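Written out below as structure tokens is the structure these notes cover.
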Amino acid sequence: MQHEITRAIPLLDERGNLTEPGWARRLLPVYERAKVKGGATRLKEWDYYLVMGEGVALALTIADNSYMGLDSISLLDFEEGWQVTRSPMRLLPMGKTGLPERSDRGDVAVSGNGYGIAFLHARNQQVEPARLLTFHMERFKDGQPISGSVTLYDEPEESLVICTPFDKPGHFYYNQKINCMRASGSVTLGDKTYEFRPERSFGTLDWGRGVWTYHNTWYWGSASGLVGGTPFGFNVGYGFGDTSAATENMLFHGGRAHKLSRVTFHIPRKNGKDDFMAPWTFSSDDGRFEMDFAPVLDRTACTSVGVIKSDQRQIFGKFTGKAVLDGGETIELRDFMGFAEKVENKW
């Protein structure tokens, strides 16, 4: 079953539970922080942007997880085969970070010892609406500073919006994934500058708000690019919450969303453990997403402090296979750059 939400509704009822589990093509459910009832220290809010260009990727995060804030900058150089992630933590932000209640409006900025990150809705520019991402960090890689500014624009009309309940009162996950935004800008690391040119560079937004149970493992894969000159992307994943009303699997083609059923990640095993850098495969119960995945670079990040743990294995690589749109058209992919990840959290 894939229940589509087609009208504007309050996200939460008076008890802090979802009014209507399901998925939507736009941000129709209205999130209000004041209606959250799952506990003041359990609310998690974040904005995560991934920008991918030719041979390079940039990831930026601002997160307010109530008792812990996390701000992150990642730079990946696929040609030289390295990645660096720096993730300063803030103690007890408790919502004071000021992340907006909608993804299409409101600005947020954070700063700390030697760094700053800002996500702004750009105004008075040649292309509107647009999202402006700016950041800097004094000592990022080998003592070198990093700074940059990237504008995301040409936002598709449709995206993935999903309302997922948990089997616990007051717990929910509200998420929007926007793929295939054009990216223009640059990143400077030391004396080297990486360019994001809009004809070949795309940005993705992962916008999340929710109250989760303590221990979860999720799987997520995403990619954006061009197929035959038309913007194409996908979002696939599963792993936590009750997805009986809707999955988070979707194709994006020319600004339109095409809903998928269930997709399974097949991660190879070696000596009883996941072998993340060996070739993966992906399969779907409706036959509309069948992929091989060739890993290129492992962005590993593990944080463990007392009862808090986040073990992230985000693998960037190339997808080859087929994806079938709602009308039956088959999109053939070959070496289509994206990522797939497995993340375990206790927080």
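The values are calculated or read from the model by the stated rules, or taken from the named source; none is laboratory data. Note that the coordinates shown come from a computational prediction; the quantities given were computed from them, not determined experimentally. Heads up, the Cβs are rebuilt from the backbone with ideal geometry, glycines too, and the neighbour counts pull from every protein chain shown. All accessible areas refer to the heavy atoms of the entire protein, side chains included, with ligands and DNA or RNA removed. Shrake-Rupley method; radii C 1.70, N 1.55, O 1.52, S 1.80 Å.
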Using alpha-carbon pairs under 8 Å, 6+ residues apart, how would you state the relative contact order of the range 212-283 in percent?
21 percent
When the label point is put 7 Å from the Cα of residue 80 along its Cα-to-beta-carbon vector, which residues of the range 182-211 have a backbone N closer than 11 Å?
189-194
Across 192/270; 273/309; 96/192, pairs whose alpha-carbon gap is larger than 29 Å:
192/270; 96/192
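If r is the Cβ-Cβ distance from residue 214 to residue 191 and R0 is 35 Å, what FRET efficiency results, to the nearest 0.05? Walk me through the numbers before you get to the answer.
Values: r = 45 Å, r/R0 = 1.28.
Taking R0 as 35 Å, the efficiency between residue 214 and residue 191 is 0.20.
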How about the range 240-347: which GluC sites (Glu not before Pro) there are in a DSSP loop, with at most 14 other Cβ atoms within 10 Å of their Cβ?
329
Sparse-neighbourhood loop sites, chymotrypsin sites (Phe, Trp or Tyr not before Pro) in the range 43-115 - DSSP loop, at most 12 other Cβ within 10 angstrom
none
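Over the chain, what is the relative contact order in percent, taking alpha-carbon pairs closer than 8 angstrom and at least six residues apart?
13 percent
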Modelled label-to-label distance, residue 277 and residue 128, 7 Å Cα→beta-carbon offset: nm?
4.8 nm
Can you tell me how much longer the chain between residue 111 and residue 3 gets when fully stretched, taken as 0.36 nm per residue apart minus their C-alpha distance, in nm with one decimal?
34.8 nm
Quick calc: nm separation of the 7 Å Cα→Cβ label points for residue 90 and residue 311 -> 2.9 nm
Relative contact order as a percentage, the range 85-200, C-alpha pairs under 8 Å and 6+ apart, gives 16 percent
Return one whole number: the accessible area per residue of the chain in Å², for a 1.4 Å probe.
42 Å²
If the cut-off is 16 Å between C-alpha atoms, which lysines fall inside it for residue 259, apart from same-chain ones fewer than 8 positions away?
177, 322
Computed magnitude of the charge dipole of the chain (debye, nearest 20; Cβ of K, R +1, Cβ of D, E -1)
820 debye
Working out 0.36 nm times the residue gap between residue 329 and residue 144, then minus their Cα-Cα distance, what length gain in nm do you get to one decimal?
61.8 nm
